[in-house]
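Asker: Here it is, the structure in full.
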Amino acid sequence: MSTPQGLNVREQPAVAATGSSRDAILSTNGLTKKFGGLTAVDSVDFTVDEGEIRCLIGPNGAGKSTLLELITGQLTPTDGDIYFDGNELTDMEPHRRMDAGISIKFQSPHIYESLSVEQNLRVPLQRTDRDIEAVLARTLDRIALAEKADEPASDLSHGEKQRLEIGMAVTLDPALMLLDEPVAGMSVDETADIAELIRSLHDDGMTFLVVEHDMEFVRKISEQVTVLNQGSVLTQGPIEAIENDEEVRRIYLGENA
Amino acid sequence: MTDGRLPSRLDGIARKLNGPNTLGNSKAFWLAFAVGMVGMIAYPLVRGSYAAGQTSLFLVYGLLALSLSLIWGYTGILSFGQVAFFGIAGYTYAIVSLNLGGAFGQTVALPVAVGVATLAAFVLGYFMFYGGVKNVYVAILTLVVTLVLETFMAQTAGSEWAIGSVQLGGFNGIPGIRNFALGVEGASFSLSGSGFYWFVLTLLLVAYLGSRILVNSRFGYTLVAIREDAERTTMLGYNVKRVKLAVFTLSGALAGLSGVLYATWGNYMDPSVFTIVFATIPIVWVTLGGRESLLGGIVGTIIIERLRLWFSVNASEFAIVFVGVILMTTVLLVPRGILPGIRDGYVFFSEHGIRKGIERGRGTIQTRIQARLESVGVGGSETETPPSSEAVRE
């Protein structure tokens, strides 16, 4: 098993992220994905800066999840390139991208149901040369599941499963964390917990790219919002500007309001 | 988890053998295991060499079951291909040992045959896993490969189908494989009856304990993680394809070893090992015994094969039907298999006490049977679902 280089990659930029100069950690160049006749992602040029929490919004079918899957390598692009931390990702195998410092929490909870909470966290940790017990204790504490460490993951509530999966992804200490609708189907309290968790990880220097529908949640965590529509970037900017944008209101926010 | 009374070296070994990925880790389990092993070792002394020779076939099959437990029970890849590697190794062993002749030939043929089976598993696994074949398609593909081998080997009756001095023999297969022997000419020993039994028992024990260490290691965690959610495991940085290929190759090697022993046990090799019946039987063994348990597959094998032997003596062609009935009954009562069932029962009774446990257990079994019967539309349902059935009648 190779040691994830992501760990080393991550240690240095954590300092830089707190400074004022921000570099792009992720950028796409003319990224396109076609499924037969359907163009799900249409020559997207998109960047995520180091140390930010970027939200990606847009109506259903806008290509948000497809974009995430192109970044993780679950899908290969029809055209265009992806760069992460100065390296080209486009032809890299998915597991190598994780080694390079990307992590993802899927939309529906993907956890190991028959294993205990602690074992779930050990699976990603056993590959690393980090101090497993220390990271384990800290992560359990952080996702507020320390008391349920020995329970089978299948017994957890939906919100707890979501937190556990974030915890699994976070143990690898990724430079870029992708979250696909992290608060879908959650109560108000659970949503607040997740927002708190994301902010605290962000304070430690983690960069986030979050796909989300819940605008209130977006407002809580985000600085910058990108709006996708029909596979293309419609607009991007600070959340206030986005919420007041006529076109965004018409095609996206208007539908929900 | 360890009881602290063992000397440190033994303790280290015990820690490697035990873990959350195997069912039996308690002192009670190991005690029962030791008693069982003593019984197995003593068996030829009690029942004689002939009976031991017959029984050694079940142990040979036990290795095949173990290979399926690893790939299916632990990694979640249902393979009908274990018998293909079993058969490939058996044929290879026959061809190499008969061509070389003598004890030395047999000694050489063993690693060659296992090597060829391992290579076959590696090549098939490489194209499957790196070609993106997943889930049920692995089962289909491995079954097809097995059946193609049957068709191919069955048509090798002509004299042009010979490798060296050995005729492949079509349906009749290759006869005259000698009992297993180790060594070189003049300094060799041949294994049959009790000797062969103990030899196979030793191999099975080593393979079992080795597999326990494997599944309780980090690698074992990775296997279970892949079984539970392959996509999540990839996205935690694991090279899932490579791990699948590794375990598929390893289980192919185990199946190959089993096939070599089978060839020397029966002194012949024919295409019946590639038939759909034989391809399915290992799945029956492992399902019955419990696929999440390494020992389960072995126990299931011994039970089924013992019964099959008994039925085929007493009820000839209905043997396979009876096996089917036993399988269905077991799956109905203990869906996870016999050994996990015993473990669950043990935990259950130690929590609730015997008397209360029996009452509860009876209730559980009753509801389970009732649920199954209702799901196929037999009994009980009339009283409980009146609205829908009436609506249909109207």
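The values are calculated or read from the model by the stated rules, or taken from the named source; none is laboratory data. Quick caveat, the model's predicted, so the values are computed rather than measured. We place every Cβ from the backbone using ideal geometry, glycine too, and count neighbours over all the protein chains shown.
Asker: Could you check the range B:127-146 and list, in sequence order, the residues that are surrounded by fewer than 16 Cβ atoms within 10 Å (Cβ to Cβ) and not in a loop (DSSP other than H, G, I, E, B)?
Answerer: Those that are surrounded by fewer than 16 Cβ atoms within 10 Å (Cβ to Cβ) and not in a loop (DSSP other than H, G, I, E, B): B:PHE127, B:TYR130, B:VAL136, B:TYR137, B:ILE140, B:VAL144.
Asker: A follow-up question, please. Pick from A:ASP155, A:ASP180: which is free of Cβ contacts under 8 Å to residues at least 24 places away in the same chain and more than 9 Å from chain B (Cβ to nearest Cβ)?
Answerer: On the way: A:ASP180 fails: free of Cβ contacts under 8 Å to residues at least 24 places away in the same chain.
Among A:ASP155, A:ASP180, only A:ASP155 is free of Cβ contacts under 8 Å to residues at least 24 places away in the same chain and more than 9 Å from chain B (Cβ to nearest Cβ).
Asker: Quick one: which of B:ASN216, B:ASN239, B:ASN267 is of a type outside the set (Lys, Arg), more than 17 Å from the chain's Cα centre (by Cα) and under 30 Å from B:LEU100 (Cβ atoms)?
Answerer: Numbers: B:ASN216 fails: under 30 Å from B:LEU100 (Cβ atoms); B:ASN239 fails: under 30 Å from B:LEU100 (Cβ atoms).
Only one candidate qualifies: B:ASN267.
Residue-wise test of (1) closer than 26 Å to B:PHE180 by Cβ; (2) modelled with pLDDT under 85.
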residue	(1), (2)
B:PHE274	yes, no
B:SER312	yes, yes
B:SER316	no, yes
B:ALA319	no, yes
B:GLY324	no, no
B:MET328	no, no
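Asker: Here are A:THR139, A:THR128: which of them is within 14 Å of chain B (Cβ to nearest Cβ), of a type in the set (Ser, Thr, Tyr) and surrounded by 19 or more Cβ atoms within 10 Å (Cβ to Cβ)? First the steps, then the outcome.
Answerer: Details: A:THR128 fails: surrounded by 19 or more Cβ atoms within 10 Å (Cβ to Cβ).
Step by step, each of A:THR139, A:THR128 is checked, and only A:THR139 is within 14 Å of chain B (Cβ to nearest Cβ), of a type in the set (Ser, Thr, Tyr) and surrounded by 19 or more Cβ atoms within 10 Å (Cβ to Cβ).
Asker: All but one of (1) within 9 Å of chain B (Cβ to nearest Cβ); (2) more than 18 Å from A:VAL211 (Cβ to Cβ); (3) surrounded by fewer than 23 Cβ atoms within 10 Å (Cβ to Cβ) hold for A:GLN74, so report the exception by its number.
Answerer: Single failed check for A:GLN74: (2).
Asker: Which ones in the range B:327-360 are within 20 Å of B:ILE303 (Cα to Cα) and not in a helix (DSSP H, G or I)?
Answerer: Within the range B:327-360, B:VAL334, B:PRO335, B:ARG336, B:GLY337 qualify.
Asker: Related question: Which number in (1) within 27 Å of B:ALA181 (Cβ to Cβ); (2) not in a loop (DSSP other than H, G, I, E, B) marks the one condition that B:THR156 misses?
Answerer: B:THR156 satisfies every listed condition except (2).
Asker: Looking at B:GLY363, B:GLY324, which is the one that is in a helix (DSSP H, G or I) and either surrounded by 11 or more Cβ atoms within 10 Å (Cβ to Cβ) or of a type in the set (A, V, I, L, M) (or both)? First the steps, then the outcome.
Answerer: Details: B:GLY363 fails: either surrounded by 11 or more Cβ atoms within 10 Å (Cβ to Cβ) or of a type in the set (A, V, I, L, M) (or both).
After applying the criteria, what remains is B:GLY324.
Asker: For the range B:225-246, which residues satisfy the criterion of being crowded, with 24+ Cβ neighbours inside 10 Å and farther than 21 Å from A:MET92 by Cα?
Answerer: B:ALA225
Asker: Return only the number of the condition from (1) more than 14 Å from chain B (Cβ to nearest Cβ); (2) out of contact with any Asp or Glu (no Cβ under 7 Å at 6 or more places or on another chain); (3) not in a helix (DSSP H, G or I) that A:ASN29 does not satisfy.
Answerer: For A:ASN29, the failing item is (2).
Asker: Another question, if that's okay. Do any helices (runs of 4 or more DSSP H) lying entirely in the range B:204-283 carry at least 2 residues that are within 11 Å of chain A (Cβ to nearest Cβ), in contact (Cβ under 8 Å) with a residue 12 or more places away in the chain and more than 25 Å from B:ILE41 (Cα to Cα), and which ones are they? Before you say what the answer is, go through the steps one by one.
Answerer: Numbers: elements: B:218-228, B:230-234, B:240-266.
Passing ranges, in order: B:218-228, B:240-266.
Asker: Moving on. When you go through B:GLY337, B:GLY297 one by one, which is the residue that is more than 14 Å from chain A (Cβ to nearest Cβ), under 14 Å from B:SER67 (Cβ atoms) and either buried (at least 20 other Cβ atoms within 10 Å of the Cβ) or touching a strand residue (DSSP E or B) at 6+ places or on another chain (Cβ under 9 Å) (or both)? Before you say what the answer is, go through the steps one by one.
Answerer: Values: B:GLY337 fails: under 14 Å from B:SER67 (Cβ atoms).
Answer to the check: B:GLY297.
Asker: Please find, within the range B:366-377, the residue that is modelled with the highest pLDDT out of those that are of a type in the set (A, V, I, L, M) and exposed (fewer than 13 other Cβ atoms within 10 Å of the Cβ). Step through it out loud before you land on a result.
Answerer: If we filter the range B:366-377 for residues that are of a type in the set (A, V, I, L, M), which is where we start, we get B:369, B:371, B:373, B:376.
Those still in the list that are exposed (fewer than 13 other Cβ atoms within 10 Å of the Cβ) too: B:371, B:376.
Numbers: B:ALA371: 80, B:VAL376: 74.
Only one residue tops the list, namely B:ALA371.
Asker: Tell me which residues, restricted to the range A:208-237, are surrounded by fewer than 17 Cβ atoms within 10 Å (Cβ to Cβ), of a type outside the set (Gly, Ala, Ser) and over 24 Å from A:VAL188 (Cα atoms).
Answerer: Across the range A:208-237, the qualifying residues are A:GLN230, A:THR235.
Asker: Filter the range A:90-124 down to residues that are among the small types (Gly, Ala, Ser) and over 23 Å from A:ALA184 (Cβ atoms) and give me whichever is nearest to the other protein chains (Cβ to nearest Cβ).
Answerer: Taking the range A:90-124 first, the residues among the small types (Gly, Ala, Ser) are A:100-101, A:103, A:108, A:114, A:116.
Cutting the leftovers down to over 23 Å from A:ALA184 (Cβ atoms) gives us A:100-101, A:114, A:116.
Details: A:ALA100: 9, A:GLY101: 10, A:SER114: 6, A:SER116: 8 Å.
Step by step, filter the range A:90-124, then rank; the result is A:SER114.
Asker: When you check B:ARG291 against the structure, is it among the basic types (Lys, Arg) and within 14 Å of chain A (Cβ to nearest Cβ), yes or no?
Answerer: Yes: the conditions hold for B:ARG291.
Asker: Limited to the range A:53-71, what total is found for residues that are part of a loop (DSSP other than H, G, I, E, B) and either surrounded by fewer than 22 Cβ atoms within 10 Å (Cβ to Cβ) or within 14 Å of chain B (Cβ to nearest Cβ) (or both)? Before the answer, list the steps.
Answerer: Keep residues of the range A:53-71 that are part of a loop (DSSP other than H, G, I, E, B), which gives A:58-63.
Imposing the further condition that a residue be either surrounded by fewer than 22 Cβ atoms within 10 Å (Cβ to Cβ) or within 14 Å of chain B (Cβ to nearest Cβ) (or both) reduces the set to A:59-61.
Residues meeting the conditions: 3.
Asker: Are there any pairs, at least 6 apart or on different chains, whose C-beta atoms fall under 8 Å, with the first in the range B:294-318 and closer than 22 Å to B:LEU23 by Cβ and the second modelled with pLDDT of 85 or more and among the charged types (D, E, K, R), and if so, which?
Answerer: The qualifying pairs are B:LEU294/B:ARG212; B:GLY297/B:ARG291.
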